[in-house]
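Colleague: Please see the structure below; I have some questions.
The values are calculated or read from the model by the stated rules, or taken from the named source; none is laboratory data. Since the structure is predicted, the reported quantities are computational estimates derived from the model, not experimental observations. Neighbour counts are summed over all protein chains in view; Cβ atoms, including those assigned to glycine, are modelled from backbone coordinates with ideal geometry. Accessible surface is based on the protein model in full, side chains and every heavy atom, while ligands, DNA and RNA are left aside. Shrake-Rupley method; radii C 1.70, N 1.55, O 1.52, S 1.80 Å.
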Amino acid sequence: MNSLKLSHYLGNALEIGRLIQSDFITQDDACQIIGMKIFPENPCRGVGIATLTADRTYALTSTFGFPAGTKEKYTNSSFDARTPMVDAMCNGRVVWIESMEQMNLEYPLTANAEPNRYTAPVIVVPLFKSGITIGALGIVGTEEKPTIDAMKYLELISLFLAETIKHEQFSSSQITSAYKTLMRGLPLTSRELEVQGLMKQEMTNREISQELGYSESTIRKDAVSLFAKLGVKNRKEAGLLAL
C-alpha cells in the first residue's frame with residue numbers, strides 16, 4: 001500500500017467533507033466542490049448526484065460539468081432502464097466502467113440509447129444513510145483507477161455527502177426488488193461464469209476467491225449479481241444451472 005497516496009486521499013476526503021457539510025453550502029455547491037477537488041491530479045469531466053424520490057424513481061438533483069438542462073431532463077428517472085446509476089443504487093456497490101466497450105457490454109440499452117450522456121470512464125458510488133440506499137454519486141471522465149485506497153476514499157466521501165441529503169424513506173427491500181427485476185435474464189460476465197462453475201463444485205466464497213485470485217468481498221458481489229441474473233435464491237440453485 002502506498003502510504004503517501006493513502007494519506008493524500010484521507011486529507012482530501014476530510015477537506016471535502018468539511019466543505020460540503022458547511023451550513024452555507026447547497027447540494028449544487030457540494031457537487032461542484034466534489035468535481036473540482038475529488039481527483040485534482042486526474043480531473044473529471046463531470047459529477048452528478050442522484051437521489052431517490054418518494055414515488056420510487058430517482059432524480060439527478062445536482063450536476064457539475066454537465067450540459068444545461070440535464071437536471072431538468074432527469075427529474076423522475078425510472079428503475080426500468082438499467083444504467084450505471086441504477087446498478088450502483090440497486091446493488092449497493094461501486095460501479096467502474098473503464099471503456100465504452102465495457103459500457104456497451106454491460107449496459108447496452110444505455111450506451112445505444114443515450115451515447116452522449118454516458119461516456120467512459122465512469123465511477124458511480126452508492127450513497128447510504130441509516131442503512132438505506134438514498135442515491136448515488138456519479139463521476140465521469142476521470143482516469144483515476146479504482147484501487148483499494150481510491151475505493152476507501154470514495155466511500156468516505158459518499159458518507160460525508162449522504163449526511164447532507166434529506167430524503168424520503170425508500171426501503172432497502174424495495175431497492176432489492178427493483179434490482180432483481182432489472183438484472184434477471186442479463187448475460188453473465190466471464191467471471192460470473194467462473195464463479196458459477198465453482199459453486200457447482202460446492203466451493204465457498206473464500207475458496208473461490210483463493211482459486212480465482214480476487215478478494216472475498218468481490219466474489220460476494222459477483223454472487224449477488226449472479227443470483228439476480230439467474231433468478232435463483234442460493235448457491236445450490238446457481239450451481240445446478242451451470243453448463
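Colleague: In the structure shown, do any of Lys71/Lys229; Lys200/Lys229; Lys129/Lys152; Lys152/Lys229; Lys129/Lys221; Lys71/Lys166 have a Cα-Cα gap over 22 Å, and if so which?
Modeller: Values: Lys71/Lys229 31 Å; Lys200/Lys229 16 Å; Lys129/Lys152 17 Å; Lys152/Lys229 28 Å; Lys129/Lys221 20 Å; Lys71/Lys166 18 Å.
Correct reply: Lys71/Lys229; Lys152/Lys229.
Colleague: Which label marks the calculated value of mean projected area of the Cα convex hull in nm², given the options (i) 16.6; (ii) 13.4; (iii) 15.7?
Modeller: The value matching this structure is (ii).
Colleague: Return the single residue from Met103, Met85, Met199 with maximal mean-square fluctuation; model: Gaussian network over the chain, springs between Cα atoms under 10 Å.
Modeller: Greatest mean-square fluctuation among the candidates belongs to Met199.
Colleague: Going by alpha carbons, how many degrees (0 to 90, nearest 10) lie between the helix axis of 190-200 and the longest principal axis of the chain?
Modeller: 40
Colleague: In nm, give the distance between the simple-model label positions of Thr119 and Lys37, each being 7 Å from the Cα along the Cα-to-Cβ direction.
Modeller: 2.6
Colleague: Could you tell me how many degrees, from 0 to 90 and to the nearest 10, lie between the Cα long axis of helix 172-183 and the main elongation axis, the longest principal axis, of the Cα atoms of the chain?
Modeller: It is inclined by approximately 60 degrees.
Colleague: Right, next: Nearest 500 deg cm²/dmol is fine: what mean residue ellipticity at 222 nm does the chain get from its DSSP H runs of n ≥ 4 alone, each adding -39,500 (n - 2.57), divided by its residue count?
Modeller: On the way: 12 runs with 121 residues, N = 243.
Value at 222 nm, helices only, nearest 500: -14500 deg cm²/dmol.
Colleague: For Met151 and Arg184 in the same chain, what is the full-extension length gain: residue separation times 0.36 nm, less their Cα-Cα distance, in nm? Could the numbers behind the result be given before it?
Modeller: Working: separation 33, 0.36 × 33 = 11.88 nm, distance 2.73 nm.
Contour length minus the Cα-Cα distance gives 9.1 nm.
Colleague: Expressed as an acute angle from 0 to 90° and rounded to the nearest 10, what is the orientation of the C-alpha long axis of helix 148-162 relative to the principal long axis of the chain?
Modeller: Once rounded, one gets 60 degrees.
Colleague: When the chain is treated as a GNM, springs tying every alpha-carbon pair under 10 Å, which of Val122, Val95, Val232 comes out with the largest mean-square fluctuation?
Modeller: Largest GNM mean-square fluctuation: Val232.
Colleague: Cα centroid distance between the stretch 132-161 and the stretch 183-226, in Å?
Modeller: Their Cα centres are 24 Å away from one another.
Colleague: OK, next. Report the accessible area of Asp28, computed with a 1.4 Å probe over the heavy atoms of all protein chains in place, in Å² rounded to the nearest 10.
Modeller: Counting only protein heavy atoms, Asp28 exposes about 70 Å² to solvent.
Colleague: With +1 on each Lys and Arg Cβ and -1 on each Asp and Glu Cβ, and nothing else charged, work out how big the dipole of the chain is about its Cα centre, in Debye to the nearest 20. Don't jump to the answer; show the numbers that get you there.
Modeller: On the way: 25 positive and 27 negative charges, 102 e Å.
Roughly 500 debye, rounded to the nearest 20.
Colleague: Once you put a point 7 Å from the Cα of Arg220 and another 7 Å from the Cα of Leu243, both along the Cβ direction, what distance in nm separates them?
Modeller: 3.1
Colleague: How high is the FRET efficiency from Arg56 to Ser130, r the C-beta distance, R0 22 Å, rounded to 0.05? Write down the numbers at each step before the final one.
Modeller: Working: r = 18 Å, r/R0 = 0.83.
That pair, Arg56 with Ser130, gives E of 0.75.
Colleague: Rank Phe64, Phe160, Phe24 by mean-square fluctuation in a GNM of the chain with C-alpha springs under 10 angstrom and give only the top-ranked residue.
Modeller: It is Phe24.
Colleague: Same structure, new question: Describe numerically, in nm with one decimal, the distance between label points set 7 Å from Cα along Cα→Cβ at Ala81 and at Glu101.
Modeller: 2.6
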